[in-house]
């Protein structure tokens with residue numbers, strides 16, 4: 001069968017009703033990147049597909065079709081720990097929305113797919129006391145790198161010089177960390193000590209934590225190109241005093 005794909009590892013990142021009884025499902029897949037499939041009859045009460053096509057559920061998917069929009073043929077549900085803790089769910093919706101809104105169609109990124117699975121597994125293990133922010137920052141870095149926007153925390157791209165403690169730096173999504181604190185930069189006054197701590201993997205201490213959050217917020221907004229992320233509101237609505245985590 002032309003255009004047929006079988007046993008493709010995939011996750012649902014978004015779904016919505018399609019025509020009378022179908023669902024239009026956005027998938028994040030291992031070998032094909034982000035794909036959209038029509039699941040015929042899946043929105044009817046008698047179809048088991050509606051319960052199977054859920055976010056965070058690992059699937060093996062068969063589809064067919066030569067156009068950009070494929071037709072789901074069948075799927076197999078695989079076992080995985082459940083993402084159930086509220087902040088974990090909100091975080092999962094956030095990374096799903098990033099994938100759905102920003103990743104180009106049919107552009108495979110096996111490294112990002114692996115990072116996505118690792119993040120979901122970590123979210124499934126998250127307790128109510130655990131900090132979710134380091135998990136989000138690591139995924140955002142992997143997400144940006146898959147789109148060609150990776151950078152080093154401890155090196156300036158405009159001079160090629162290493163970051164120094166006691167100095168202040170800027171950030172530009174198109175360049176990375178820079179030493180030139182031009183007024184038009186979206187972020188300035190980033191402390192060198194915090195950038196060095198992030199380069200060493202410290203996302204928990206207060207200064208690097210805040211710095212990483214500021215930088216990744218600017219980068220994600222840049223990648224979104226003005227499109228909103230509805231999942232961000234979940235964090236503020238669930239705990240207004242805690243601030244936004246994404």
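Within region 140-163, can one find any residue that is part of a loop (DSSP other than H, G, I, E, B), in contact (Cβ under 8 Å) with a residue 24 or more places away in the chain, within 28 Å of residue 59 (Cβ to Cβ) and in contact with a helix residue (DSSP H, G or I) (Cβ under 7 Å, 6 or more places away or on another chain)? Yes; the residues of region 140-163 include at least one that is part of a loop (DSSP other than H, G, I, E, B), in contact (Cβ under 8 Å) with a residue 24 or more places away in the chain, within 28 Å of residue 59 (Cβ to Cβ) and in contact with a helix residue (DSSP H, G or I) (Cβ under 7 Å, 6 or more places away or on another chain). Residues of region 205-230 that are assigned to a loop (DSSP other than H, G, I, E, B) and surrounded by 17 or more Cβ atoms within 10 Å (Cβ to Cβ): 229 alone.
Here 182, 200, 165 are screened, and the one residue that is farther than 30 Å from residue 84 by Cβ and modelled with pLDDT under 95 is 182. If I ask for residues that are farther than 25 Å from residue 68 by Cβ, touching a residue at least 12 places away in the same chain (Cβ under 8 Å) and outside any helix (DSSP H, G or I), which ones from region 87-133 would you list? 125, 126, 127, 128, 131, 132 - these are the residues of region 87-133 that are farther than 25 Å from residue 68 by Cβ, touching a residue at least 12 places away in the same chain (Cβ under 8 Å) and outside any helix (DSSP H, G or I). Taking region 131-157, which residues are exposed (fewer than 15 other Cβ atoms within 10 Å of the Cβ) and closer than 17 Å to residue 205 by Cβ? Scanning region 131-157 gives a single hit, 131. Residue 46 falls short on exactly one of the conditions (1) over 30 Å from residue 127 (Cβ atoms); (2) in a loop (DSSP other than H, G, I, E, B); (3) in contact with a helix residue (DSSP H, G or I) (Cβ under 8 Å, 6 or more places away or on another chain), and that condition is (3).
The values are calculated or read from the model by the stated rules, or taken from the named source; none is laboratory data. Quick caveat, the model's predicted, so the values are computed rather than measured. Ideal geometry is used to build each Cβ from the backbone, glycine not excepted, and the neighbour counts take in all protein chains shown.
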